[in-house]
Amino acid sequence: MISPQKFIEEAVENIRSNLSGRGILACSGGQDSSLLAVLANMAVGDRVLSVFVDTGLIREGEKERVEAFFREHRINYRIIDASRLFLDRLRGVTDPEQKRKVIGKTFIDVLEGAAREFGADTLLQGTIAPDWIESGGSVRDTIKSHHNVGGLPEKMNLRLLEPLRDLYKDEVRSMSRHLGLPHQVQPFPGPGLAVRVIGEVTEERLSILRKATQIVEREVESRLPEGQRPWQYFAVLLPVRTTGVKGDRRTYGYTVAVRMVDSIDAMTGTFSRVEWDLLASIAREITNSIPEVNRVVYDITDKPPATIEWE
């Protein structure tokens, strides 16, 4: 593994030497793009505008958390609410690869608009090695098109700069730790909750999943100390309904799958063998708090053969 200090120095120099004018940086608030936002700020300051796009596919409190991060690190930023645009373009889309491509194209459309206003000619992205490896190309099979790689349109009006593209997730955490940034942040997919709603993305389904996601995260984080939590833990909303009973009445509700995975580099992973009491508490809370859900299942599949995300 490269020395964190050496990589940081090289990344800062890379940004300075490759950014002649202004740049726009797509920051989701995840570990990769947050690290890049800090590095870009160290390199060229306000010549880079970090943009958080509210896609309508984000978790509860996500926008507020990211804005607090920007302010804490004195990063030049802008928050754009494009939720209606994303949801309109996703209407009727069920294929996961198509979802990722729609989301990737829409991100670029929004970012190009912001870039024109800011006078930027370069797009900085926190792409890391698993993103482009899994997105395929040349002799590699496409596992899934990451929205920031395979989901990009063929033609863009912005030059692409990706200083983190040779890093793996454990290395990103090492760099973040070295800079005093949060380094135990669990990954969150760029396409957001859209790839955790299996099938068509609707406002109703997003609302259900957002509540279930909040319950899973709250239960894990309240019961397990930071060093003992799974590497990633989240909920998935399935497109099937099943028969259930609430009180003395029949229900016909959605099924939520809970996924918890342990990994180092995101290239492989094993399902987390957490205590049954934790899973039981999550299931009770979801079915008691969300009327539309009457069944919770736990995913016990490793990567491979599965991927970490369901789509």
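The values are calculated or read from the model by the stated rules, or taken from the named source; none is laboratory data. From a predicted model like this one, the values you see are computed outputs, not experimental measurements. Every residue, glycine as well, gets a Cβ built from its backbone with ideal geometry; the counts of neighbours run over all protein chains shown. Note: areas computed on protein heavy atoms with side chains; ligands, DNA, RNA excluded. Shrake-Rupley method; radii C 1.70, N 1.55, O 1.52, S 1.80 Å.
Observations on the model:
- Inter-residue pairs, beta-carbon under 8 Å, first under 18 Å from residue 280 (Cα atoms) and in contact (Cβ under 8 Å) with a residue 60 or more places away in the chain and in segment 235-259, second surrounded by 12 or more Cβ atoms within 10 Å (Cβ to Cβ) and among the acidic types (Asp, Glu), 6+ apart: 236/299
- Helices (runs of 4 or more DSSP H) enclosed by segment 1-100 - at least 3 residues per element that are free of Cβ contacts under 8 Å to residues at least 60 places away in the same chain and open to solvent by 40 Å² or more (accessible area, probe 1.4 Å): 4-18, 62-72, 83-90
- Residue match in segment 175-186 (condition: part of a helix (DSSP H, G or I) and open to solvent by less than 50 Å² (accessible area, probe 1.4 Å)): yes
Rundown of residues vs (1) over 20 Å from residue 107 (Cα atoms); (2) in contact with a helix residue (DSSP H, G or I) (Cβ under 8 Å, 6 or more places away or on another chain), yes/no style:
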{"residue": "17", "(1), (2)": "yes, no"}
{"residue": "21", "(1), (2)": "yes, yes"}
{"residue": "25", "(1), (2)": "no, yes"}
{"residue": "37", "(1), (2)": "no, yes"}
{"residue": "42", "(1), (2)": "yes, yes"}
{"residue": "48", "(1), (2)": "no, yes"}
{"residue": "51", "(1), (2)": "no, yes"}
{"residue": "57", "(1), (2)": "no, yes"}
{"residue": "62", "(1), (2)": "no, no"}
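- In segment 114-125, the count of residues that are small (Gly, Ala, Ser), in a loop (DSSP other than H, G, I, E, B) and touching a strand residue (DSSP E or B) at 6+ places or on another chain (Cβ under 6 Å) is one or more.
- Some residue of segment 229-244 being open to solvent by 20 Å² or more (accessible area, probe 1.4 Å), modelled with pLDDT of 95 or more and among the small types (Gly, Ala, Ser): no
- A single member of 114, 120 is closer than 20 Å to residue 155 by Cα, in contact (Cβ under 8 Å) with a residue 60 or more places away in the chain, open to solvent by 10 Å² or more (accessible area, probe 1.4 Å) and of a type in the set (A, V, I, L, M), and it is 120.
- Answer from 226, 275 - the residue that is modelled with pLDDT under 95 and either surrounded by fewer than 20 Cβ atoms within 10 Å (Cβ to Cβ) or under 20 Å from the mean Cα position of the chain (by Cα) (or both): 226
- Selected residue (criterion: surrounded by the most Cβ atoms within 10 Å (Cβ to Cβ)) from residues of segment 249-272 that are hydrophobic (A, V, I, L, M, F, W, C) and outside any strand (DSSP E or B): 266
- Here segment 288-311 is the region considered, the condition is being of a type in the set (S, T, N, Q) and more than 22 Å from residue 195 (Cα to Cα), and the residue that is most open to solvent (accessible area, probe 1.4 Å) is 288.
- The set of residues from segment 124-167 being open to solvent by 40 Å² or more (accessible area, probe 1.4 Å) and modelled with pLDDT of 90 or more comprises 159, 160, 165, 166.
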